[in-house]
Amino acid sequence: MELPDIVLIERCIKGESHLFAEIVERYKKLIYNIIYNMINNKDEVNDIAQEVFIRIYKSLSRYNKEYKFSTWAAKIATNYCYDMLRKKKFECIPIEEVSNVQMDNDSPEDQYIKKERRERINDELMNLPEKYRILIVLFHKNGLSYEEMSQVLDEPMSIIKNRMYRARLMLKDKLSSERKEGIL
Amino acid sequence: MSCEPFEILMMKHMDGDITDIEYKKLKKHIDECSTCKNEFDTFENICYELKEPLIDPPLAFETEVMKKLENLNLYNKKLKEKRILAAYFISSMLFSILAICIAVIYKEHVYNFMIYINIPLGFASNIYGLLERIAVFFDIASTFIFYLNSIFVDMLYLLIGLVSIIFMSKIYESAQVAKVRKNSKKTV
């Protein structure tokens, strides 16, 4: 039977640190994807994700039960990404082929166009200012709710909503100017 | 006609909380307004593409994290051991100094006790002599300190004043540094 997060955490704190592996297993995808979409230099994503989990482990005793664990972990990951971005401006490395999943039954030509389009969108996402990018990443990629985002980012809901509105408009404007140039 | 309300509807659509009536309204407007249709299509593309499957972390991810944590714990343990050793060393030093002091103060009793438990006389006198010498040394040291104190008593106040000035200026300096750091963070 699967143990609930809170039980795992309490036992970890009491010294059964091997149980932390289970927590890593549960939340690695979320944390990994937040970092993947926030940090331009993909070579560093793995190291940063590991570092985030070590931070989570170190501050386990400060975990507040009122939050969902995913929200709390996402908060630590986000803050760490901000720190890293502030410390050094990562060089912009073009995003490699991201998905290894084959699209439905499209013709190769369609597949190529779709791939191209996805890369454009991800590129433009990377060029958004951090505070807008994180919202798109959390909501559209990782499926967090507005309430969870407001907890992760420590901002009131109204600001989150407003910022999300502007983030989407920015992304759309960048892409539609490309559409005029015939890329999209 | 202003398109702004429809932009808000598009946002609601992306948030996934648009009502059926609102959606019909939006669809109707899109059929009539090409600008909004373009916009809507771009948004739909964005949302669709962003929903791509999430990246899978490498298989060995947990193992690597746990390995790092283990090293960390090991490191903590070593540090703790070192600290315990240091504490042990310092306390044993303090204890032996204290024991010597007490022995010096009660040297007659120590001597009598040694005679009482049949320790050879020569050895006991040696110990007594050693304690005597330490006592003399203490005496000399304390007289010396008193002597120095009487000479430098005026200098002492001067010294205290100087030290406090240095201390205050250090505090001021570090406050300044903190301020500059804060400002530079803000500008970044």
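The values are calculated or read from the model by the stated rules, or taken from the named source; none is laboratory data. Only a predicted model underlies this, so the values are computations on that prediction, with no experimental measurement involved. Here Cβ is always computed from backbone atoms with ideal geometry, including for glycine, and neighbour counts include all displayed protein chains. These accessible areas exclude ligands, DNA and RNA; they are computed on the full protein's heavy atoms, side chains included. Shrake-Rupley method; radii C 1.70, N 1.55, O 1.52, S 1.80 Å.
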Q. Could you say which residue among A:N40, A:N46 is more than 14 Å from every other protein chain (Cβ to nearest Cβ), of a type outside the set (D, E, K, R), buried (at least 17 other Cβ atoms within 10 Å of the Cβ) and within 25 Å of B:L54 (Cα to Cα)?
A. A:N40
Q | Given (1) within 14 Å of chain A (Cβ to nearest Cβ); (2) part of a helix (DSSP H, G or I); (3) out of contact with any Cys (no Cβ under 8 Å at 6 or more places or on another chain), index of the condition B:F6 fails | A | (3)
Q) Out of all the residues in the stretch B:49-106, which are open to solvent by 90 Å² or more (accessible area, probe 1.4 Å) and within 11 Å of chain A (Cβ to nearest Cβ)? A) B:K51, B:D56, B:L59, B:T63, B:K67, B:E70, B:N71
Q. Which pairs have Cβ atoms under 8 Å, sit 6 or more apart or on different chains, and link a residue in the stretch B:32-56 that is assigned to a helix (DSSP H, G or I) to one that is of a type in the set (A, V, I, L, M, F, W, C) and surrounded by fewer than 17 Cβ atoms within 10 Å (Cβ to Cβ)?
A. B:T35/B:C3; B:C36/B:C3
Q | Pairs, first among the basic types (K, R) in the stretch A:22-43, second not in a helix (DSSP H, G or I), C-beta under 6 Å, six or more apart | A | A:K28/B:P57; A:K29/B:L54
(Q) Any residue at all in the stretch A:157-169 that's within 15 Å of B:E44 (Cα to Cα) and either more than 18 Å from the chain's Cα centre (by Cα) or modelled with pLDDT under 90 (or both)? (A) yes
Q) Looking at A:N79, A:N33, which one is modelled with pLDDT of 90 or more, open to solvent by less than 60 Å² (accessible area, probe 1.4 Å) and polar (S, T, N, Q)? A) A:N33
Q. Restricting the search to the stretch A:13-25, which residues are facing another protein chain (nearest Cβ under 10 Å) and either of a type in the set (D, E, K, R) or open to solvent by less than 50 Å² (accessible area, probe 1.4 Å) (or both)?
A. A:S17, A:F20, A:A21, A:E22, A:I23, A:V24, A:E25
